[in-house]
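The values are calculated or read from the model by the stated rules, or taken from the named source; none is laboratory data. The structure presented is a predicted model; accordingly, all values stated were derived computationally and were not measured. So basically every Cβ, Gly included, is an ideal-geometry build from the backbone, and we count neighbours across all protein chains shown. With ligands, DNA and RNA removed, areas are computed over all heavy atoms of the protein, side chains included. Shrake-Rupley method; radii C 1.70, N 1.55, O 1.52, S 1.80 Å.
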Amino acid sequence: MHDRESWCMIQPAGFATARETNKRLHYLLRHGQTSLCIAFDLPTQMGLDSDHPLARSEVGKVGVAIDSMADMEALFKDIPLHKLNISLAISAPAAIIMAMYIAVAEKQGISPRELRGRIENDILKEYLAGGASIFPPEPSMRLAIDLLAFCVEETPHWEALSCCGYHLREAGATAEQEVAFALSHAITYIDSVLRAGLKIDDFVPQLSFYFSAHQNLFAETVKFEAARRIWALLMKERFGAQKEQSMALRFHAQTAGSELTAQQPEVNIVRVAYQALSAVLGGAQSVCTNAYDNAYTLANEHSALLALRTQQVLAHESGIVNNAALMGGSQAMENLTQRFEKDVWSYINEIDRLGGAFSAMEKGYMRQVIEESAYRAQKEIESSKRTVVGLNRFKVPVDEPFLLPKSDPEVISRQMESLKKIRQERDLRRVTEILLELRSRARTKENLMPLLLEAVKAYATIGEICGVLKEVFGAYQQQEQSFKKTDRLQHPEREDIPLRVLVAKVGLDGHDRGAKVLARSLCDAGLEVIYSGLQQTPEQIVQKAVEENVHVVCVSILSGAHMQLLPPIADLLRDKGAKDVLLIAGGTIPKTDIPYLRERGIMEVFTTGNPMEEIIDFIKKNGLSYV
């Protein structure tokens, strides 16, 4: 709880280049932020250099671009790393990013043993919800465990693995599923570390959790208390932990991005305040409050400051820091907590029955459960069974269209120039030697962190390092899904024709909750649907559309790269002789960009908040004319 002292206040920062983000970090620190959280762009999350063909449309779009240690040096320029709690929000290349962070600290004259903070490093959740998966699961687990084992020895105050329920909740999981699946992931990581020879009390204090804070104040407060109880029981009875520190649940909470609305976005300020309150009442050690405009863009200075002020008012004006345990004696809250615990244990027991989280993931159990919950939640909103103010009730006649900040076309060129400069100035022979050694050592069971540290200090890039590891580990292949229902639709000239739809995610964006809900909804409406998976290029989408002989292509994009990635799909469809295929798009797309997209061949664009029924009706009405 928070009696007598406040929690760490964290606001995510990360956009464009390291230099721009560094300015934002200093801005937040000047205004009273006590910790920093770095969000990385999609190419960095996927282990790609900024000049990779798949990266160029998305450099600096949803986070900061980090290609080499030079970028990390610029990111943390004049920031005393030993005096701050730093959070690094990344998983797939976490070992490489952590190596860069340690190297920068050492260059500042700071011992790694002085560093405090956390890095996600939760690769299991990426296969269920985040989508940023570089390598297959087994070698990815190896890297995660290598990092944790290294940090136990070298950075004792650093949380080297943070099991993320947050991303699962954003993908559609219920509160019970969020906690159960995150705890099951933790069990799998712990089992792996124990097999590597470490003792439970030696490493578990450096394992933490990252949970979501949603809208139901009491249910969320109960969730955190239940998670704390279950964790203590698991540590004591299942793993035989002896230290109280091992049995204490350390968690960071972030307000729910999926609860924000692009409609009447100022209402999000109120939502975020209540969500933050639930995290504080639940005992979070650190809290991140989303900006009100995060429903459709990265926060600007004004919205980021307002989000920080929300926490500061809560901490310094509400009196909550001295009274956070007020709900502890409520019998009603105790009953809710016990019921919540029972539901969580039922999921954990089922995952154990399936052979653990790794096995349950491979069998598709958790993904199926999350997708079903997401679909059910969407139905509740669209039927108004669940009220969302400004979206399905209390709407205004005309909602002001949201605007995305104009992307700076110079960001990519500046990042490319910086990358080119590093490659020219570094000792290429040294880089080559280390990468050859890395390739060799990756084939053994040795911990790779010491060599990764050498590689980043020689200014090997994240793309070069991941490229070498892919040669040994292989690359993860996203899976496509088919949704089929045999109902037929009538066509004026030909009878009994099934309308075939391809649902696709273009670019590196890994969030596919909306795309999968749409695919399921279209299937239930009687259409044959193929979901082609994440991280698709325009070329791959068109190839799949032609191979499957579809009548409609629905493309989802949330990264802000729609102006660069959607028009090529229309062009390629024409080039392949499939100009009659109905092409529609949806996602975080400002209405001001829609006229240009229509001119380029996208028939219709659906933005945040369009009901599924509206999209389905449009496809049924217009898709048939293309059969």
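Computed quantities for the displayed model
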| item | result |
| --- | --- |
| Single unsatisfied condition, GLY463 versus (1) assigned to a helix (DSSP H, G or I); (2) small (Gly, Ala, Ser); (3) at pLDDT below 95 | (3) |
| Any chance ARG238 is modelled with pLDDT of 95 or more and closer than 18 Å to ASP122 by Cβ | no |
| Among (1) farther than 27 Å from LEU298 by Cβ; (2) at pLDDT below 95, the one test that LEU583 misses | (2) |
| From the options LEU403, LEU391, residue that is open to solvent by less than 60 Å² (accessible area, probe 1.4 Å), modelled with pLDDT under 95, closer than 30 Å to GLU266 by Cβ and part of a loop (DSSP other than H, G, I, E, B) | LEU391 |
| Segment 494-511 - residue that is open to solvent by 20 Å² or more (accessible area, probe 1.4 Å) and within 14 Å of SER532 (Cα to Cα) and, of those, modelled with the lowest pLDDT | HIS511 |
| Search result, residues across segment 1-25 that are open to solvent by 50 Å² or more (accessible area, probe 1.4 Å) and at pLDDT 95 or above | ARG19, LYS23 |
| Per-region count, segment 182-215, residues at pLDDT below 95 and within 23 Å of the chain's Cα centre (by Cα) | 1 |
| Filtered residue count, segment 21-51, keeping only those that are among the charged types (D, E, K, R), in a helix (DSSP H, G or I) and free of Cβ contacts under 8 Å to residues at least 60 places away in the same chain | 2 |
| Every pair of residues 6+ apart whose Cβ atoms lie under 8 Å, when the first sits in segment 564-587 and is free of Cβ contacts under 8 Å to residues at least 40 places away in the same chain and within 21 Å of PRO409 (Cβ to Cβ) while the second is open to solvent by less than 20 Å² (accessible area, probe 1.4 Å) and in a loop (DSSP other than H, G, I, E, B) | PRO567/ILE602 |
| Scan of segment 63-106 for residues that are in contact (Cβ under 8 Å) with a residue 40 or more places away in the chain, part of a loop (DSSP other than H, G, I, E, B) and not polar (S, T, N, Q), ordered by number | GLY63, ALA65, ILE66, ASP67, PHE76, LYS77, ASP78, ILE79, LEU84, ILE90, ALA92, PRO93 |
| Some residue of segment 113-136 being in a loop (DSSP other than H, G, I, E, B), within 19 Å of the chain's Cα centre (by Cα) and among the basic types (Lys, Arg) | no |
| Some residue of segment 175-183 being within 22 Å of LYS342 (Cβ to Cβ), open to solvent by 40 Å² or more (accessible area, probe 1.4 Å) and in contact (Cβ under 8 Å) with a residue 12 or more places away in the chain | yes |
| Those residues of segment 266-311 which are open to solvent by less than 40 Å² (accessible area, probe 1.4 Å) and of a type in the set (S, T, N, Q), in sequence order | ASN268, GLN275, SER278, SER286, THR289, ASN290, THR297, SER303, THR310, GLN311 |
| Residue that is surrounded by the fewest Cβ atoms within 10 Å (Cβ to Cβ), among those in segment 595-626 that are part of a helix (DSSP H, G or I) and of a type in the set (A, V, I, L, M) | LEU624 |
| Enumeration of residues in segment 551-609 that are in contact with a Ser or Thr (Cβ under 7 Å, 6 or more places away or on another chain) and among the hydroxyl-bearing types (Ser, Thr, Tyr) | THR588, THR608 |
| Selection count where residues are on the phi < 0 side of the Ramachandran plot and open to solvent by less than 30 Å² (accessible area, probe 1.4 Å), scope segment 28-54 | 16 |
| Residue in segment 472-490 that is modelled with pLDDT of 90 or more and either open to solvent by less than 30 Å² (accessible area, probe 1.4 Å) or among the small types (Gly, Ala, Ser) (or both) present | yes |
| Long-range neighbours under 6 Å by Cβ, at least six apart or interchain, first residue in contact (Cβ under 8 Å) with a residue 40 or more places away in the chain and more than 19 Å from TYR347 (Cβ to Cβ) within segment 227-241, second acidic (Asp, Glu) and open to solvent by less than 60 Å² (accessible area, probe 1.4 Å) | ALA241/ASP201 |
| Qualifying residues in segment 584-594 (those that are on the phi < 0 side of the Ramachandran plot and assigned to a strand (DSSP E or B)) - the one surrounded by the most Cβ atoms within 10 Å (Cβ to Cβ) | ALA585 |
| Exclusive hit being modelled with pLDDT of 95 or more and open to solvent by less than 30 Å² (accessible area, probe 1.4 Å), set LYS107, LYS125 | LYS125 |
| Matching option when the condition is in contact (Cβ under 8 Å) with a residue 40 or more places away in the chain, open to solvent by less than 10 Å² (accessible area, probe 1.4 Å) and under 26 Å from ALA262 (Cβ atoms), among SER521, SER556 | SER521 |
| Selection status of PHE211, among the aromatic types (Phe, Trp, Tyr) and closer than 22 Å to ALA377 by Cα | yes |
| Yes/no for ARG118 being modelled with pLDDT of 95 or more, in contact with a Leu (Cβ under 8 Å, 6 or more places away or on another chain) and open to solvent by 10 Å² or more (accessible area, probe 1.4 Å) | yes |
| Hits in segment 232-250 (condition: out of contact with any helix residue (DSSP H, G or I) (no Cβ under 7 Å at 6 or more places or on another chain) and buried (at least 23 other Cβ atoms within 10 Å of the Cβ)) | none |
